[in-house]
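FYI, it's all coordinate maths here, none of it is from the lab. Every value quoted in this text rests on a predicted model; they were computed, and no experiment measured them. Virtual Cβ from ideal backbone geometry, glycine too; neighbours counted across all protein chains shown.
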């Protein structure tokens, strides 16, 4: 595979880790008591470890499923809001109108990413609020507890909200998954009941990268007249989602997974679908979600959505190539086994757990925690399980539900690639991981190889 | 409100915001405020460089984000007399109010199902209360006097054995009235009822101390104190421990009370905005009140030709608040006439499209019946004497033309 730079877009490489602000601004007050401060665009995101020479600098960030650096377009949009669109979008005066314009622009941009009408986009504080709102908002449309169907590999924002609904008298069916983490449409058909109010299925699983057959699942839900919610936090911008054709009623999005800022997300609510409000108060978001909108982060979300939509085709292809290169490079160790679906898979996502055959000589194989700590020391940022609970050492419930043993599951490792990731980053990562595996006592890990050799794998 | 001579000596604000000459003067500081450049400066590195997820415990990117959140939490807690573990970050005051009211109601089901609040509260308090009423809770809406103050004796009488929460706002968003938090807190403490205050308009602008004022829960937002929109906090007392039922379920952030990835740059901005507000409080309030009084003196002067009434308590109010009712004037026409030069509001922003008399003014009773027009001026940190003089001139000439055209 040829070295590709397409994905790095306009983000500056920032070799020396320059501060974004020049000296005068850094000092705070400018001249004449006037203060000009702004977020300059296009510079200052020290994410890539690789300079064009392939020399190692800074570190390699391979945790884009946890969060992504903010793209230049989003920073520019955020800056515009702080400079001149800071009014309250509900105010009817000029400052308010200007801010409302920024908000509506973002609504169009986010809608365009998923083929939705802007009037179907409702901004939230993030993916978690959108997921909570989808489930609880549908639930509160019913006087009496009903039946909810989710999968056994949902993000905690869905899984925990479903647990909560259970305490309120709801019945919850958690669909099983196969060894690669996929839900079967037949299982969904069998699970539906006359009182099923909602089916909620994650689109792209954040820990193992498996992409669910949401079109088939949605058709089954709709055939039974049941609402269908999809958590698309990991897939939006990474694979095409067109709600003009997909049988989906509600869909959750998050800004900070698509190179937008944290603190913004959205719930798509198909026109005509009734949902109760979660946050009560003022009449914002067409009276469905109270609270002054986070205009700056929402504008950044919109700009990020527009950019990622533009480059999706090229970037997805590029990342898929790099991802597969990582899979191949690490498969040689014999210490790790890939997890998740190799075909229906997030393009930027490579995940593993321990292959016990590689650790026969050890009484206790290392945990994912041991692995990531070593990798962090080598300036490679990866995750072991999903960020929200990666502090805990218990085996991932997702891997257990896929049929892995505890000792295998406890050694989970996730690499999620992004715009800044280059081939040289992958090759270096393969080299370092194999070295770490060897150090931790894996017999089968290959001896150190020169990265140049990997090119011919 | 002062009756000082019409030309007090007022200093320029310490910073002047860049403003295009075509931009209208901003006198709507209760709706929102521009981000102070110092706050922006604090946030910038977290938009451009330190982008990690504070929940990522496996690498330095996450730790750097976590460190920034910890520091912000500590700073915010300190200026309200709290400790860091008593702060929950939220998306803003609306979410904080929802979490406080619904969260306490659901967590104290065993104790009782009665909540006391006030008729002049913000919709983000009133609507969660109405929601609870629809589920069988009982809610008492305390009236206020003609100046907007709550009656402590009435509050005491309203508390019953099944009262779990009293929610009274610190500063009103329309008339700026400051409630006697300390007294209310004392009553609640004596009667062993939790006290929540919506301090969205007050934080940074008036002295707040959760211990001195016996506050158990307090809602905070950044965008009314020159911070960014989309970030707020809820203070929740630990000693004695206040319980809450979380409203967002998921990754268990904020010690399980509020799931969702934290927005690091906005959290840094919130802490910077509030601490800056507290630091500048005395100086800001003095200058802003002088500007506000200057405007009031213009409007009420005899040659203005206006029949004008001040809404809310004359002195116990936010320094930048001026809320007036004008006889024989159509507020919408007046605002339209001056909108290219001055931005102000005829009520709260959250309901600014509604034409009816606001629930706050209705609660004050008498002189606010039609055909009075209601206008809310919100003077802020970056307003100058020139802003006030220009506004007064434009405003009075618009009034004159409206009055003469109606004859």
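Tabulated data
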| read-out | value |
| --- | --- |
| Förster radius 51 Å - calculated FRET efficiency between residue B:153 and residue A:245, Cβ distance, rounded to 0.05 | 0.20 |
| Nitroxide proxy distance, nm - points 7 Å out along Cα→Cβ at residue B:327 and residue A:364 | 8.5 nm |
| Scattering curve values for segment B:83-185, log₁₀ I(q)/I(0), Debye with Cα scatterers, q = 0.19, 0.25 Å⁻¹ | -1.01, -1.47 |
| Per-pair calculated FRET efficiency, R0 = 45 Å: residue B:301 and residue B:63 via Cβ, rounded to 0.05 | 0.15 |
| Label point at residue A:140 placed 7 Å out along Cα→Cβ; residues across segment A:152-185 whose backbone nitrogen lies under 20 Å | A:157-171 |
| Spin-label proximity, residue A:443 to segment A:359-383 - amide N less than 17 Å from point 7 Å beyond Cα toward beta carbon | A:359-366 |
| Value at 222 nm in deg cm²/dmol, rounded to 500, when DSSP H runs of n ≥ 4 in chain B each add -39,500 (n - 2.57) | -12000 deg cm²/dmol |
| Separation of the residue B:404 and residue B:186 label points, Cα + 7 Å toward Cβ, nm | 5.6 nm |
| Relative contact order, percent, segment B:17-83 [alpha-carbon distance under 8 Å, six or more residues apart] | 16 percent |
| B:122, A:256, A:229, A:222 arranged by Cβ crowding within 10 Å, fewest neighbours leading | A:222, B:122, A:256, A:229 |
| Residues in segment B:23-54 reached by a label modelled at residue B:16 [backbone nitrogen below 11 Å; 7 Å Cα→Cβ] | none |
| Using alpha-carbon coordinates, inclination of helix B:123-134 to the longest axis of chain B, degrees | 60 degrees |
| Cα-based Rg of chain B normalised by 2.2 N^0.38 Å, two decimals | 1.01 |
| Euclidean distance between Cα centres, segment B:233-309 to segment A:130-145, Å | 31 Å |
| Using alpha-carbon coordinates, inclination of helix B:60-79 to the longest axis of chain B, degrees | 60 degrees |
| Range of Cα positions in the protein assembly as shown per principal axis (Å), largest first | 92, 62, 50 |
| Segment A:174-247: relative contact order as a whole-number percent, Cα under 8 Å and 6+ apart | 32 percent |
| Full-extension gain in nm, residue B:111 to residue B:211, via 0.36 nm per residue minus C-alpha separation | 33.6 nm |
| Inter-label distance, nm, simple model (7 Å from Cα along the C-beta direction), residue A:117/residue A:171 | 3.6 nm |
| Contact order normalised by residue count of chain B, Cα under 8 Å, 6+ apart, percent | 24 percent |
| Which of A:208, A:177 has the fewest Cβ neighbours within 10 Å, and the rest in rising order | A:177, A:208 |
| Förster-model FRET efficiency, 51 Å R0, residue B:340 and residue A:377, C-beta, rounded to 0.05 | 0.25 |
| Principal-axis tilt of helix B:181-190 within chain B, Cα atoms, nearest 10 degrees | 40 degrees |
| Proxy reagent accessibility, fewest Cβ within 10 Å first, across B:292, A:270, A:140, A:325 | A:140, A:270, A:325, B:292 |
